[in-house]
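Asks: Handing you a structure now.
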Amino acid sequence: MTKSLPETLILDRVATPVGEALLVVDEAGVLRAFDFADYEPRMRTLMGRHYPGMALTPGQAPDALREAVGRYFGGDLDALAAIAWATNGTAFQRKVWDALCTIPAGETLSYKGLAERIGKPSAMRAVGLANGSNPVAVVVPCHRVIGANGGLTGYGGGLPRKRWLLAHEGAAFKDSLAA
């Protein structure tokens, strides 16, 4: 991860089983954002905060990145691990996002567990805010953070999508949406 500003931001759109994914890459092909088309306004606002004044130019992400996304949604749950990504969040946010990457596919962690993992056991709310500000969803697996009771909690891509991602990965969780 880096805090340097890219020269160019390219916006690609990729079909997935849970909706059109938005991939934002820089000129080197490094992923700067991953979101879904139904949340594009929020993603654009976030990108504007992280990269003030930079336009998103329509284009195509590198084939290797597009293929990794396709493999993940096709069942290769480790396919996203090799994707190079960078963010411009705060040092605390980046620490939380790094810790998210230590949660393997098929496993979940509570906000308290994530706060403990970064050495800040009383910072559950701050961890939750950082988790919710993750610009590279799915690749940095914020969907793997669930409530202390094992239930689904907020997700920037919507709870039905979080449910699908966790079920796709074979993770155990309390499914309050199946009622």
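Asks: Treating only the Cβ of Lys, Arg, Asp and Glu as charged (+1, +1, -1, -1), what charge dipole size does the range 1-67 show about its Cα centre? Round to the nearest 20 debye. List each step's numbers first, then the result.
Replies: Details: 7 positive and 10 negative charges, 61 e Å.
Taking the Cα centre of the range 1-67 as origin, the dipole is about 300 debye.
Asks: Now for a different question. Using θ = phi - 60° and the Karplus curve 6.51 cos²θ - 1.76 cosθ + 1.60, what whole-Hz ³J(HN,Hα) does each residue of the range 78-95 get, with Gly and Pro shown as x?
Replies: Whole-Hz 3J(HN,Hα) from phi for the range 78-95: 9, 4, 7, 4, 8, 6, 6, 9, 8, 9, 10, x, 6, 4, 5, 4, 5, 5.
Asks: In whole Å, what three semi-axes, largest first, describe the equivalent ellipsoid of the chain built from its Cα gyration tensor (square root of 5 times each eigenvalue)?
Replies: On the way: eigenvalues 124, 75, 40 Å².
Output for the chain: semi-axes of 25, 19, 14 Å.
Asks: Ranked highest first by average number of other Cβ atoms within 10 Å, how do 168-174, 52-58 line up?
Replies: Working: 168-174: 14.9, 52-58: 11.4.
Output ranking for 168-174, 52-58: 168-174, 52-58.
Asks: Starting from the Cα-Cα distance between Leu129 and Ala172, subtract it from 0.36 nm times their residue separation and give me the gain in nm to one decimal. Walk me through the intermediate numbers first.
Replies: Numbers: separation 43, 0.36 × 43 = 15.48 nm, distance 2.32 nm.
Roughly 13.2 nm would be gained on extension.
Asks: To the nearest 10 Å², what's Tyr39's accessible area with a 1.4 Å probe?
Replies: About 70 Å², ignoring ligands and nucleic acids.
Asks: Can you tell me which of 150-160, 116-126, 132-142 comes out highest on packing, and rank the rest after it, using the mean Cβ neighbours within 10 Å?
Replies: Details: 150-160: 16.2, 116-126: 14.6, 132-142: 23.1.
Ranking, from highest mean packing down: 132-142, 150-160, 116-126.
Asks: Can you tally the lysine pairs in the chain where the Cα-Cα distance is under 23 Å and the two residues are eight or more apart, or on different chains?
Replies: Number of lysine pairs found: 9.
Asks: Let me spell out the model: positive unit charges on the Cβ of Lys and Arg, negative unit charges on the Cβ of Asp and Glu, origin at the Cα centre of the chain. What dipole size does that give, in debye rounded to 20? Present the calculation step by step, with values, prior to reporting the outcome.
Replies: Details: 19 positive and 17 negative charges, 159 e Å.
Approximately 760 debye in magnitude.
The values are calculated or read from the model by the stated rules, or taken from the named source; none is laboratory data. Everything numeric in this text was worked out from a predicted model, so none of it was measured. A quick note on method: Cβ atoms are made from the backbone with ideal geometry, for glycine too, and the neighbour counts reach across all protein chains shown. Calculation scope for accessible area: heavy atoms of the full protein, side chains included, ligands and nucleic acids excluded. Shrake-Rupley method; radii C 1.70, N 1.55, O 1.52, S 1.80 Å.
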